[in-house]
Amino acid sequence: MFRKSKSKSAKNSQGCYFCLNNAEEIDYTNVDEIRRFTSPYARILPRRKTGICAKHQRKFSQAVKRARFMALLPFIKR
């Protein structure tokens, strides 16, 4: 009668990447780590795709914005 809801993706079941690595702060100068959670078009991926918790998603988006302002990351890729 009722459909089962879709199961969570494998990334979400593992837990937050930053929580597992005990990251206090997300450094905006660490571009390799930031690019891991951005799309090929340099857009910030949502939490449901990356598996990052809400607290670290807010810190991550702030780090991306700082890296863009300092010209470490592009605003858009063409």
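Taken together, the values in this text are just the output of simple stated rules run on the coordinates, not laboratory data. Predicted model, so just to flag it, every value in this text is computed and none were measured. Cβ coordinates were reconstructed from backbone atoms using ideal geometry, including for glycine residues, and neighbour counts include every protein chain displayed.
Residues in the stretch 15-24 that are in contact with a helix residue (DSSP H, G or I) (Cβ under 7 Å, 6 or more places away or on another chain) and assigned to a loop (DSSP other than H, G, I, E, B): 16 alone. Note on the stretch 27-43: residues that are over 19 Å from residue 76 (Cβ atoms) and in contact (Cβ under 8 Å) with a residue 24 or more places away in the chain total 2.
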